[in-house]
Structures are given as structure tokens and as C-alpha cells.
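Written below as C-alpha cells is the structure these notes are about.
The values are calculated or read from the model by the stated rules, or taken from the named source; none is laboratory data. If you're wondering where the values come from, they're calculated on a predicted model, not measured in any experiment. Cβ: placed from backbone, ideal geometry, glycine included. Neighbour counts: every protein chain shown. These area figures cover heavy atoms from the full protein model, side chains too; ligands, DNA and RNA do not enter into them. Shrake-Rupley method; radii C 1.70, N 1.55, O 1.52, S 1.80 Å.
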Amino acid sequence: SAVISQKPSRDICQRGTSLTIQCQVDSQVTMMFWYRQQPGQSLTLIATANQGSEATYESGFVIDKFPISRPNLTFSTLTVSNMSPEDSSIYLCSVSSSPSGGLTDTQYFGPGTRLTVL
Amino acid sequence: SQQGEEDPQALSIQEGENATMNCSYKTSINNLQWYRQNSGRGLVHLILIRSNEREKHSGRLRVTLDTSKKSSSLLITASRAADTASYFCATGRGSGYSTLTFGKGTMLLVSP
């Protein structure tokens with residue numbers, strides 16, 4: 001399974017500021033995914049980040065609020081912009097088990113970034 | 001939007017007992033995956049079952065899938081205190097590659 005790391009592991013931010021979360025994988029993967037887990041809730045997919053193309057956002061999430069970069073096959077960033085207390089969540093990146101992604105791939109998750117917005 | 005619904009929402013058992021969690025979903029899937037999460041930390045992948053499979057085993061875990069009823073179950077046998085965690089099912093859907101839709105989760109408490 002892929003080894004995934006995220007930075008920072010946690011942060012406390014002021015409203016109106018932005019935070020960029022980094023996700024690093026130890027192997028090359030085409031598909032990377034970003035999820036949000038609000039307090040006491042389940043996970044919701046924010047976007048799919050395919051290297052070499054624009055990220056695909058799920059309903060309810062927009063690029064201006066959650067810009068994503070995918071500069072190479074092992075790295076991605078998610079920025080949470082103009083934060084409000086409602087953005088307080090755990091943000092997790094994940095990758096598929098096969099390099100190019102597939103219908104029956106296992107998805108592995110990073111340790112998450114716990115964000116608190118004051 | 002969430003597709004999966006787990007029940008029960010919370011389950012409390014004694015060590016050595018079996019724990020069964022159920023998951024239902026609404027639309028067709030490519031696969032269904034079960035995850036464990038300890039105290040809001042990262043997700044640990046437990047098992048994946050493909051849409052054309054009916055049952056899979058991994059150690060003390062047994063997963064079943066009934067696509068006609070759009071439901072799955074996770075059985076943990078001979079539970080241990082270390083099994084205390086939240087358990088989520090996630091359905092994989094899409095063409096070309098799968099994206100996951102998570103259920104609300106079951107919080108399992110195993111008492112010594």
C-alpha cells in the first residue's frame with residue numbers, strides 16, 4: 001500500500017486567512033483525492049486531482065474556495081481560502097492502489113490535517 | 001451527498017463477542033470498502049469487496065455484499081478492546097475510476 005504523508009498535521013487559523021495543505025505519496029499515482037470530515041461527521045469528497053489536468057470538484061465545492069494543485073505524480077496541495085469557522089474539519093488526501101486508477105482500486109488515506117478556524 | 005447508511009450508529013459489546021455492522025446504499029456500485037478510524041485520526045483500510053463478489057474474509061473480518069438489496073455487512077469476530085473505533089463503509093462508483101461515497105459510520109465500543 002502507498003505511504004501518504006500530509007503537512008501540517010494540525011493548525012489553528014484566524015478567519016479570513018488561507019491555509020495550504022500538502023499531500024506527499026511515496027509512489028507515482030495518477031489519481032489523488034481530497035476529502036473533508038466535519039466534526040462528528042463522515043467524509044465528503046471535495047475533488048479529484050488528476051496530474052496534468054484541472055481538478056474535478058464535487059457538488060457544493062468550488063475552485064475559488066478550495067484551489068488544488070497537482071504539479072507531479074507524487075504531490076498535491078489543497079488550499080482552504082478565506083476561512084470561516086465552518087471550515088473547521090479534518091482534511092484528508094487519498095490515492096488509488098493502482099498507479100492509473102481503476103474501478104475496483106483500494107483507496108488509501110493520509111493521516112489527515114486537523115484544521116480549527118477561530 | 002452521502003449514499004451509504006450504516007446501522008447501528010453506535011454499538012457497545014464485551015470483549016470476545018462478535019460485532020455486526022450494516023451498510024445500505026442507493027445506486028449501483030463498482031466496489032464497497034470498509035474503513036476504521038480511531039478517535040478522528042486517519043482512515044485504515046480494512047477490506048474491499050467488488051460488486052460481483054458476495055463474501056470476503058480477512059482475519060477476524062467477514063464482509064458480505066448483496067447487490068440486489070444494496071446492502072453490505074461487516075462482521076468482526078472475537079472482538080478486542082483495540083477494535084474500539086468508528087467504522088465506515090464507502091461505495092465506489094464512477095466510470096474509468098471510482099470515487100468513494102461514505103456512510104455515516106458506526107461507533108463501536110468494546111469493553112474489557
- Can you give the accessible area per residue of the protein assembly as shown, in Å², using a 1.4 Å probe? 46
- Message: Can you tell me, using C-alpha contacts under 8 Å and at least 6 residues apart, the relative contact order of chain B as a whole percent?
- Response: 38
- Query: So which residue, out of B:65, B:43, B:32, gets the largest mean-square fluctuation from a GNM of chain B using Cα contacts under 10 Å as springs?
  - Reply: B:43
- Message: I'd like the projected area of the protein assembly as shown, averaged over all directions, using the convex hull of its alpha carbons. Report it in nm² with one decimal.
- Response: 12.1
- Can you give the mean number of other chain Cβ atoms that lie within 10 Å of the Cβ atoms in peptide A:36-42? 4
- Share of Cα-Cα pairs in chain A beyond 17 Å, in percent? 51
- Interface B:A - total buried accessible surface [probe 1.4 Å, Å², rounded to 100]: 1800
- Around residue A:86, what is the net charge, scoring Lys/Arg as +1 and Asp/Glu as -1 over all other residues with Cβ under 13 Å from its Cβ? +2
- Note on the structure: If each part is reduced to its alpha-carbon centroid, the range A:1-68 and the range B:33-105 end up apart, in Å, by 22
- Where no second cysteine Cβ lies under 4.7 Å, the cysteines concerned in chain A: A:13
- Here, GluC sites (Glu not before Pro) of the range A:1-100 satisfying both criteria (DSSP loop; at most 13 other Cβ within 10 Å) are A:54
- Apportionment of accessible area to carbon and sulfur, the protein assembly as shown, percent (1.4 Å): 47
- Which whole-number value in Å³ per residue fits the convex hull of the alpha carbons of the range B:5-111? 92
